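Working notes, beginning with the structure itself.
Every number here is computed from the coordinates shown, using simple stated rules; none is lab data. Only a predicted model underlies this, so the values are computations on that prediction, with no experimental measurement involved. Cβ coordinates were reconstructed from backbone atoms using ideal geometry, including for glycine residues, and neighbour counts include every protein chain displayed.
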Amino acid sequence: MKAYIVTILLLVISNVFMTFAWYGHLKLQSTGISKNWPLFVVILVSWGIALLEYSFQVPANRMGYQENGGPFSLFQLKIIQEVITLTVFTIVAIFMFSGEKLQWNHIAAFLCLVGAVCFTFLPKN
């Protein structure tokens, strides 16, 4: 498979884990599962999930980086990753957090980030 596809797939998987590491505990708390957990337990669980996230993030960056033979510059990798992060987050927030609603300004901000990806791929000259 092409390096750019594998890089993007690894970034998507990484961001699924990252979103659950950062926000999953809020859902667990709202359902009552972790309501009485001490904060240090919540942190340790999130760190465990974040370890899985890094297991995909680091290979994605190594494989995707131009200086390692990949298709993307460092800035391109980062900007692509940010758009993937917001895409994954939006999907998780809409389906897991029923009180959260996607508003027009969220969509406008997201489109600006998609524009940033387009700008980063424009010719340098």
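Here are a few things to note about the model shown:
- Taking segment 6-53 and dividing mean pair separation by its residue count, relative contact order in percent (alpha carbons under 8 Å, at least six apart): 55 percent
- Per residue convex hull volume, Cα atoms of segment 69-125, in Å³: 77 Å³
- The alpha-carbon atoms of the chain, seen along their principal axes, cover 56, 34, 23 angstrom, with the largest extent given first.
- Between segment 81-125 and segment 1-54, the alpha-carbon center distance in angstrom: 19 Å
- For chymotrypsin sites (Phe, Trp or Tyr not before Pro), the sites in segment 39-97 that DSSP calls loop and that have at most 15 other Cβ atoms within 10 Å are Phe97.
- For segment 19-125, a simple Cβ point-charge model (Lys and Arg +1, Asp and Glu -1, everything else neutral) yields a dipole of about 80 debye relative to the Cα centre.
- Over the chain, DSSP H runs of length four or greater, each weighted -39,500 (n - 2.57), average out per residue to a 222 nm ellipticity of -26500 deg cm²/dmol.
- Sparse packing (at most 11 other Cβ atoms within 10 Å of the Cβ) combined with a DSSP loop state is found for the following trypsin sites (Lys or Arg not before Pro) in segment 1-100: Lys2, Lys35.
- Cross-link partners of Lys124 among lysines (Cα-Cα below 29 Å; sequence separation of 8 or more within a chain): Lys2, Lys78
- Neighbourhood charge, 15 Å Cβ-Cβ cut-off, centred on Leu10 and excluding it, Lys, Arg +1 and Asp, Glu -1: +2
- Computed over segment 21-70, the range of Cα coordinates on each principal axis works out to 48, 17, 10 Å, biggest value leading.
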